[in-house]
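**Student:** One structure coming up, written as structure tokens, with questions to follow.
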């Protein structure tokens, strides 16, 4: 599972690297986004990957709130003007990760093996897309599985 967003990061974003009408520079945006991703990674890396329906449910219930909180923090960051479209693409992929996590949890709750496997595949695809989009922005922590 990918670790693209971060919960718990404190962002002092308003003063660093602003220039484009209150928007940060590309480098300042990358610095702050990477801080969010690094903080998220540190919170989820200790979680055990699931191996059963119950473990899958528990994993999603612990991971999903962290992911959503991190995504909210990333969405609150203003990208540099030239990065707006790329950030939109990245965050849209991250929203697909959230939807896939919810689908995975629902399938596991039904103990539906086929649907759980299908949801896990969709989650991997969404995660891969999000990592690629993060990498295209020059992010490293956010692009690392």
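**Student:** Output needed for the stretch 90-145: three equivalent-ellipsoid semi-axes, defined as square roots of 5 times the C-alpha gyration tensor eigenvalues, in descending order, whole Å.
**Tutor:** Over the Cα atoms of the stretch 90-145, the ellipsoid semi-axes are 25, 9, 7 Å.
**Student:** On a full-extension model of 0.36 nm per residue, what is the gain between residue 31 and residue 95, subtracting their alpha-carbon distance, rounded to one decimal in nm?
**Tutor:** Additional length available on full extension: 20.9 nm.
**Student:** Further, regarding this structure: On a 0 to 90 degree scale, rounded to 10, what angle separates helix 53-76 from the longest Cα axis of the chain?
**Tutor:** Once rounded, the angle reads 10 degrees.
**Student:** Let me ask something additional. Rounded to the nearest 500 deg cm²/dmol, what is the calculated helix-only ellipticity per residue at 222 nm for the chain, with -39500 (n - 2.57) per DSSP H run of length n ≥ 4?
**Tutor:** Theoretical 222 nm ellipticity from helices: -22500 deg cm²/dmol.
**Student:** Round to the nearest 10 and give me the degree value, 0 to 90, for the angle of helix 113-136's Cα axis relative to the longest principal axis of the chain.
**Tutor:** Between helix and principal axis, roughly 10 degrees.
**Student:** How far apart, in nm, are the 7 Å Cα→Cβ label points at residue 106 and residue 88?
**Tutor:** 2.7 nm
**Student:** Here's a follow-up. How many nm is it between the label spots at residue 113 and residue 140, if each spot is 7 Å from the Cα in line with the beta carbon?
**Tutor:** About 4.3 nm separates the two model spin labels.
**Student:** Using only the alpha-carbon atoms, how far is helix 26-44 inclined from the longest principal axis of the chain? Give it as 0 to 90 degrees, nearest 10.
**Tutor:** Between the helix axis and the principal axis of the chain, the angle is about 30 degrees.
**Student:** Let me ask you something else. Rg/Rh for the chain to two decimals, with Rh computed the Kirkwood way over all alpha-carbon pairs.
**Tutor:** 1.02
Where a number appears in this text, it was derived from the coordinates with a stated rule and is not lab data. Note that this is a predicted model, so its numbers are computed, not measured. Note that each Cβ is placed from the backbone with ideal geometry, even for glycine, and that neighbours are counted across all protein chains shown.
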